[in-house]
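FYI, it's all coordinate maths here, none of it is from the lab. Because the structure is predicted, anything quoted here is derived from the model rather than measured. Here the Cβ positions follow ideal geometry from the backbone for every residue, glycine too, while neighbour counts run over all protein chains shown.
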């Protein structure tokens, strides 16, 4: 009678150990899948928009970089947002960089400044390891109509 009790307890212990082993393996596989999944650019994220300073915001998968007047310097933290975009671009997508200017002042100077801003974003992407063949630069566009001048001084970046 005591032999069958030990056999039953041994069976319970073996089943318990087996269940623990299966849970540990499943958890390890789950963590591995979680860490290797491609990162996504957030669909909506807030950023502090400085009145006339450099800043950025992510809206619906598009990173918008805003620049101070007459400046092509990227906002702090820009590399982190671009890093997420590089992960997506490395899946075979092209990163498209579009520069915009406001319609005030000399159009040629505005276009040159928009180009410098787009190149600043491109250079940041290259510094983070994205191949130049994965980048498409679009010609700067002047913004007319409603909207603030600050919002016109921007570069938009997306993967397609």
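At-a-glance table
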quantity	calculated
Packing-based order for 124-134, 67-77, using average beta carbon neighbours within 10 Å, highest first	67-77, 124-134
Residue exposure sequence - 138, 64 - by fewest surrounding Cβ within 10 Å	138, 64
Ordering of 53-61, 15-23, 111-119 by burial proxy (mean other Cβ atoms within 10 Å per residue, highest first)	111-119, 53-61, 15-23
Computed label-point distance, nm, for sites residue 106 and residue 71 using a 7 Å Cα→Cβ extension	2.2
